[in-house]
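Each reported figure results from applying straightforward, stated rules to the coordinates on display, with no laboratory input. Quick caveat: nothing in here was measured; it's all calculated off a predicted structure. For neighbour counting, all protein chains shown are included, and Cβ atoms are generated from backbone atoms with ideal geometry for every residue, glycine included.
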Amino acid sequence: MNIVVLVKQVPDSGSERALDSSDNTVARASADNVINEMDEYAIEEALTVKESQGGEVTVLTVGPAGATDAIRKALSMGADKAVHVTDDAIHGSCAVQTSAVIAAALSQLEYDLVICGAESTDGQVSVMPALLSERLGVPHLSGARKLTVDGSTLKVERQTDGGFWALEAQTPAIVSTWDTINEPRYPSFKGIMAAKKKPVETKSLADLGVDAGSVGLASATSQVLDFAGRPPKGEGVKVTDEGDGAEKLVGYLAAQKIV
Amino acid sequence: MAEVLVLVEVAPDGSGVRKTTLEALTAARALGEPSAVVLGAAGTAASVKDALAEYGAAKVYVGESDDIDAYLVAPKAEVLAQLVADKSPAAVVIPSSSEGKEIAGRLAIKTGSGFLTDVTEIAADGTATQVAFAGATIVHSKVTTGTPIYTLRGNSVTPEPAAGAAEEEAVTVSISDAAKLTKVTDRVVEQKSDRPELTEASIIVSGGRGVASAENFSVIEGLADSLGAAVGASRAAVDSGFYPHSFQVGQTGKTVSPQLYIAVGISGAIQHRAGMQTSKTIVAVNKDPEAPIFELADFGVVGDLNTVVPAATEQITARR
Ligand SMILES: Cc1cc2nc3c(=O)[nH]c(=O)nc-3n(C[C@H](O)[C@H](O)[C@H](O)COP(=O)(O)OP(=O)(O)OC[C@H]3O[C@@H](n4cnc5c(N)ncnc54)[C@H](O)[C@@H]3O)c2cc1C
Ligand SMILES: Nc1ncnc2c1ncn2[C@@H]1O[C@H](COP(=O)(O)O)[C@@H](O)[C@H]1O
């Protein structure tokens, strides 16, 4: 079973993140960039499926040159090879445009299964599988907390509020994974060394046959007009419990007309 | 007046519309006259029509077919796309659930439009407000292509009644094979709770690692019940097995925006804040005076949750 894992590099969610005031896009150059955390679960799931079904795991990333760090991490976990789509014209693309680029890249690969993270921590759009499904005409089974592969039949438990939906579709298909699905492995020393020799193919928009004018900030389907830091909250009240903490807390709630 | 399509979200137990639908109808009025779109199995519209009239729906488009719920997302997007083609609405507003966002994305591609997810406000000129990066940044954005599609984040707009004619119009539903690729074979509810839904609740009491055990979460539940609140949890509490994952608040859990959020034994890590920072009032109980959650709190108690919370619960109950 040939599997493509979609991996995105994002600014670290634990550090300060910002938009770039020159064009209102995510500031990536100045950020502390890491592999999108949710994508590690996608890689782990791809490796698990490969271990039981055989085949190959290919990493696919659309992003700036620096995104090779995320690709190396995926390869050091055990993926076999990678395709890195990078082109200056992609800068500032919206989700609709990015999905067109990913779809074009997928069309040049042979896959039975595409696995991606349920959401990216920078955009938090969580629609990539649906967009790709729409473009490629293959089913999406998104938000998986469990994936079962039985020949060409895929079964997924799609996580919902307080339960799950049971989904079923045939390969080729796109699955997205939550962090409840598995526990991602750490790259071993051997894995890190081996990753350095694994093939990473770089592709431009021209290689994919995508018109550079159809992507990027200038032709994005939506635009950020302006942004600002959230206004700081006024100083709150802090009391130390000296046997009267509960009383003060309830007093506050009463003053707010909550109790 | 321009027509705005609003996709109706029906409560899974068939008890009527979800509050998110009323919020979407209210937000849509900034752009024009809302028309509600009800998609589901036969009989769905009957249970929701009154609420839609009460919240300003001029029309109610009803597309009922068993195919709609039998397959994932795609059938709803297909019927909506057909409506967009027929009615040329000024915009489409959809509640921001995971299903809602996926419908919006598919609809955007089908109709050659742009879409904005998790918006908290829509202005008359179509400008949307979004909260980025764990709530630290407020962004104004606009769709520049096609019919603007918005998904509206729960609890960001207060539903306001407005009389609507709710004139019913049946929509013919014929779902293509391309929209029948992913079957939904079962919908399983694992935790039935009498408490309000986390994303809809106006008060939430959340517990963190400081609660120390699954049994001790009864302290959190006690306070929640005295306030009629939902219960939430930090990731550390979930990862430690104190509380189920579906109650997790934060970047990889639910995003909530209640009137009152009470964080108990939660340090206030950036990823936790991501899910609750836009709450109207924030109260924290933590024994560490340096805990970052206090930077966010309108009212904080430095103290042991095991003494403060049960005593507060008792006093609140006594006031009832
Ligand atoms: C990519 C990523 C995504 C993440 N997503 C989320 C997410 O969605 N949601 C989330 O919550 N976290 C998330 N996290 C984890 C986050 O970084 C923190 O680790 C987590 O929020 C900590 O939970 P906590 O505050 O309960 O635990 P801790 O940080 O351990 O804090 C426990 C607090 O309890 C207090 N305490 C202890 N005992 C008592 C007592 N008896 N009385 C009063 N106070 C007491 C302590 O002083 C401390 O402040 C994510 C992390 C990453 C890397
Ligand atoms: N530029 C990209 N390159 C590769 N994968 C991506 C890219 N953008 C999104 N993805 C994948 O799609 C998932 C969902 O992303 P999103 O819809 O942006 O929240 C991510 O977890 C990635 O697996």
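Please identify, among B:Ala224, B:Ala214, B:Ala24, the residue showing maximal mean-square fluctuation in a Gaussian network model of chain B using a 10 angstrom Cα cutoff. Comparing B:Ala224, B:Ala214, B:Ala24 in the GNM, the peak value goes to B:Ala214. Over all Cα atoms in the range B:203-318, the spread is summed up by Rg and Dmax: 12.4, 37 Å. Each of B:Ala41, B:Ala291, A:Ala212 was scored by the projection of its Cα onto the charge dipole of the protein assembly as shown, and the greatest displacement toward the positive side belongs to A:Ala212; charges sit on the C-beta of Lys, Arg, Asp and Glu.
In this model, which of B:Lys142/B:Lys180; B:Lys101/B:Lys280; A:Lys8/A:Lys198; A:Lys146/B:Lys280 are farther than 29 Å apart at the alpha-carbon? Over 29 Å apart, Cα to Cα: B:Lys142/B:Lys180; A:Lys146/B:Lys280. With both labels modelled 7 Å from their Cα along Cα-to-Cβ, the A:Thr240 to A:Val200 distance reads 5.3 nm. The charge dipole of the protein assembly as shown, taken about the Cα centre with unit charges on the Cβ atoms of Lys, Arg (+1) and Asp, Glu (-1), comes to about 580 debye, rounded to the nearest 20. Compute the Cα gyration tensor for the protein assembly as shown, then decide on rounded, prolate or oblate, letting a ≥ b ≥ c be the square roots of its eigenvalues: rounded whenever a/c is under 1.5, prolate when a/b is larger than b/c in the other cases, and oblate in all that remain. Because a/c hits 1.5 or more and a/b fails to exceed b/c, the protein assembly as shown counts as oblate.
Over all other residues within a Cβ to Cβ distance under 14 Å of A:Ile71, the charged ones net out to +3, with Lys and Arg as +1 and Asp and Glu as -1. A:Lys196: which lysines have alpha carbons under 16 Å from its alpha carbon, excluding same-chain residues fewer than 8 sequence positions away? Straight-distance partners of A:Lys196: A:Lys73, A:Lys81. Take the Cα of B:Lys142, step 7 Å toward its Cβ, do the same at B:Asp239, and the gap between the two points is 4.3 nm.
Hydrodynamic estimate: the Kirkwood radius of the range B:66-153 over Cα pairs, inserted into Stokes-Einstein at 4 °C and 1.567 mPa s, corresponds to D of 97 µm²/s. Only helical runs count toward this figure. For chain A, summing -39,500 (n - 2.57) over DSSP H runs of n ≥ 4 and dividing by all residues gives -8000 deg cm²/dmol at 222 nm. Computed on the Cα atoms alone, the convex hull of the range B:3-179 gives a volume of 107 cubic angstrom per residue.
Helix B:19-28 and the long axis of chain B differ in direction by around 60°, with both axes built from C-alpha atoms.
Calculated FRET efficiency, A:Asp20 to B:Thr158, Cβ-Cβ distance, R0 = 22 Å: about 0.05 to the nearest 0.05. Here the Debye sum runs over all C-alpha atoms of chain B as equal scatterers in vacuum, and log10 of I(q)/I(0) at q = 0.08, 0.10, 0.12, 0.14 Å⁻¹ comes out as -0.40, -0.62, -0.85, -1.06. Relative contact order of the range A:2-232, taken over Cα pairs closer than 8 Å and 6 or more residues apart, is 26 percent.
Summarising the overall dimensions of the range B:106-234 from its C-alpha atoms, the Rg and Dmax are 20.5, 55 angstrom. Helices that extend 20 Å or more along their long axis by alpha-carbon positions and average at least -1.0 on the Kyte-Doolittle scale are, among the DSSP H runs of chain A, A:37-53.
Relative to the Cα centre, the charge distribution of chain A, modelled as +1 at Lys and Arg Cβ and -1 at Asp and Glu Cβ, gives a dipole magnitude of about 320 debye. Which angle between 0 and 90 degrees, to the nearest 10, do you get for helix B:305-319 versus the longest principal axis of chain B when only C-alpha atoms count? For B:305-319 against chain B, the angle is about 70 degrees. Bridgeable aspartates and glutamates around B:Lys49 (alpha carbons under 13 Å apart, same-chain partners fewer than 8 residues away excluded): B:Glu9, B:Glu167, B:Glu168, B:Glu169. Summing Lys and Arg as +1 and Asp and Glu as -1 over all other residues whose Cβ lies under 11 Å from the Cβ of A:Gln159 gives a net charge of -1. With a cut-off of 12 Å, note down the residues of the range A:187-221 whose backbone N falls inside the zone around a label point 7 Å from the Cα of A:Glu56 toward its beta carbon. A:199-201, by backbone N distance to the label point. Full extension of the chain between B:Thr185 and B:Ala214 gives 7.2 nm of extra length, using 0.36 nm per residue less the Cα-Cα distance.
With a 10 Å cut-off around each Cβ of B:65-72, the average count of Cβ atoms from other chains is 2. Straight Cα distances below 20 angstrom link A:Lys50 to the aspartates and glutamates A:Asp39, A:Glu40, A:Asp80, A:Glu110, A:Asp112, A:Asp150, A:Glu157, A:Glu168, A:Asp179, A:Glu183, with same-chain residues fewer than 8 positions distant left out. Rg/Rh for chain A (Cα atoms only, Rh after Kirkwood) is 1.07.
Tell me whether the range A:102-162 comes out rounded, prolate or oblate; compute the Cα gyration tensor, take square roots of the eigenvalues as a ≥ b ≥ c, and use a/c under 1.5 as the rounded threshold. Cα axes put the range A:102-162 in the oblate bin.
Placing unit charges on each Cβ (+1 for Lys and Arg, -1 for Asp and Glu) gives chain B a dipole about its Cα centre, and among B:Ala134, B:Val189, B:Leu7 the Cα reaching farthest toward its positive end belongs to B:Ala134. Against the longest principal axis of chain B, how steep is helix B:74-87, in degrees 0 to 90 to the nearest 10, with axes from Cα atoms? Helix B:74-87 sits at roughly 50 degrees to that axis.
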